[in-house]
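Please read the structure below before turning to the comments.
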Amino acid sequence: MQFPPRQDEDMFTPSLSPEQQRVLATNLTSFLSLYRHLSDSYIIEFYTEDLWQTLPSSWQSALKDLSFPEIADLLLDSTCKDRRYPSVWPLSLLAFRATAHALAFPREDSHNRDPSFGTVKPEEFQENQSQSSLLGHIFRKHVKPKKQHEIRKLGTLVKRICEETGCNRVVDVGSGQGHLTRFLSYGLGLSVTAIEADQHLVSMATVFDRQLLWALDKEKQKRSCTFPIPDSSPCHVAGWVDPKASWKDFLKQLQSSPCASQSPPTFGPSKKKLKASKHEMTLQDKELNPQNTEMTQERLTKNELSSFNCCQQTQNVYEKSVDDDQESFSDFVLTGLHACGDLSATLLRHFVKCPYVRGITSVACCYMKITTKENPTPPGLVQCPTSLTQDGPSEFGYPMSGWVEGLPGHQLSYKAREGSCHAIEDYIRRLREGSELLRTHCYRAMLESFIGDVRPDLRRAGIQTIKKAHLLHFTEYARLGLARVGLPPDLPLDSRRVEAMLEQQGRVVVFFSLALLLAPVVESLVLLDRIIYLQENGVGSQLVPLFNPNFSPRNFVLVSLKPQRKF
């Protein structure tokens, strides 16, 4: 399928027509249905379920002796131009690879190519590996390079959406420590309300805000401040965005929850006041220490705890009614940077239904935590203790659109969704480098086999990451892993069996790569479902590969604007 060029002026023009969207969704579900045995397989069961034998015999013959760089070039890298096959591949395998590459959304914007594409870090980090050359230094403090790259690019896009919609207000959902919020507010001059469920992160965000204000004050005193300072600091709200709640409940939550931010110091304070402010920040930093529970609890009780999250609120405590006081709300743009699980779907529903939301940028992550009809409570799902709504959820995170829901075979298992979160570019790099990290999957699959011999009921037991597992001999790895599931660390291991399994490490990597090839396809279906949902509700959208995928694997941003109102 041909995708139209994403020139600057076409940023907000839908990439696919409604008919193309439906055809692509049909093709995606049909393809994934054919290879569900791959996307639903757990690599740790490579030996216990004899996964290699589930492949067609012709595939086994073609793939069994591939080197790691060959796996990268011949299977995973869609951009490879010089494929050299050590043997003749069956047409079914060639078709599988070609179809997977063709159906997945392109993960790089070919019309705005980063010259450093293919490297570990974008061009902005070529001079300094940890400091973006394109982001002001006051916005880089406490921010890792990956996040620097993301907040700069997404913040700039949000600013443009505000210009397109005539909005100056942004609501940042799942704001964490407020890195994007600060850039939007202090860097781009927007009025920002940030909402985050984790009270600890909200407290950190307010401390970081003050640190940035002091830095800005110093810049101003040097007469080198170039940032458009807004009339007010960003408002940080501690609150849970309940997927079961309506858009009106969401607005009430924003409206009634007191801002956790303290009044910032004015610019140009005296040294005495600045010293006092720094002393106040030091006290707040101490409050972030989990050991100082009494001080933290006292402060939360006074200022913030009563409105910590919407689960503790009921509609009768709201001082204002969205229905009776609509003029108190101005239009705003909604954004969520890597909003986890159902949160991204919830924001899209609020965007569609709430008349005050004029635009949205949605960057999703953690697809395995999305709720589905078949799996309404997936592992790792954090649920609100009580909800504003008494009934169970009538809507799930996937599918959102009526079209995809009606397609046969549209269901995506937890494992398929979890696999779609893997970083394919990073794995390609490991393959080409022959990284020792590649043996980790083999080790875990071997351990699963030995655990199953003793305790079949411990299938897929959570081992968690064993530090520097790839540098250990398997016997040492097994000793640590067995202890974590309550088995004797000195459990006898047949040395011949261990050696025979280790010899199959290449096949473990091949099988994992076959499943990984489907990861972008699964992600494309989830995102396309959301695009179609917006289209079904009369709103066009554009899927933009905004971030460098080598640096930020969840690099797609779904952008949508509502038509301008007619007054």
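Which pairs break 25 Å Cα to Cα here: 146/467; 144/252; 144/248?
Violating the 25 Å limit, Cα to Cα: 144/252; 144/248.
Phi angles of segment 526-540 translate, via the Karplus equation with coefficients 6.51, -1.76, 1.60 and θ = phi - 60°, into HN-Hα couplings of 4, 6, 5, 4, 6, 4, 5, 4, 5, 5, 5, 9, x, 10, x Hz per residue; Gly and Pro are given as x. Annotation: peptides 397-407, 422-432, 182-192, ranked by per-residue average of other Cβ atoms within 10 Å with the highest first, follow the order 182-192, 397-407, 422-432. For segment 52-93, the list of trypsin sites (Lys or Arg not before Pro) that fall in a loop by DSSP and count at most 10 other C-beta atoms within 10 angstrom reads 81, 84.
The convex hull of the Cα atoms of segment 350-503, projected and averaged over all directions, covers 14.5 nm². Express in whole angstrom the spacing between the alpha-carbon centres of segment 20-41 and segment 403-440. The distance from the Cα centre of segment 20-41 to that of segment 403-440 comes to 14 Å.
When a/c is below 1.5 the answer is rounded, else prolate if a/b is larger than b/c, else oblate, so apply that to segment 126-204 with a ≥ b ≥ c taken from the square roots of the Cα gyration tensor eigenvalues.
Values: a/c = 2.33, a/b = 1.17, b/c = 1.99.
In terms of gyration-tensor shape, oblate.
Beyond 17 Å, how much of the Cα-Cα pair distribution for segment 57-196 remains, as a whole percent? For segment 57-196, the share of Cα pairs beyond 17 Å comes to 71 percent.
Checked against a 20 Å cut-off, the cross-linked pairs 141/218; 159/353; 159/562; 153/415; 141/220 give Cα-Cα distances beyond that limit for 159/353; 153/415.
Take the Cβ atoms of residue 67 and residue 473, set R0 to 30 Å, and the FRET efficiency comes out at 0.80.
When you count the other C-beta atoms within 10 angstrom of each residue and take the mean per peptide, 548-560, 349-361, 458-470 line up highest first as 548-560, 349-361, 458-470.
With the alpha-carbon atoms of segment 412-567 aligned to their principal axes, the span from lowest to highest coordinate is 78, 36, 24 Å, starting with the largest.
For the peptides 495-503, 242-250, the ranking by packing is 242-250, 495-503, with the highest mean count of neighbouring Cβ atoms within 10 Å listed first.
Values quoted throughout were computed directly from the atomic coordinates according to the rules given, and no laboratory measurement underlies them. No experiment lies behind these values; they were computed from the predicted model shown. Using ideal geometry, Cβ is built from the backbone for each residue, glycine included, and neighbour counts are taken over all protein chains shown.
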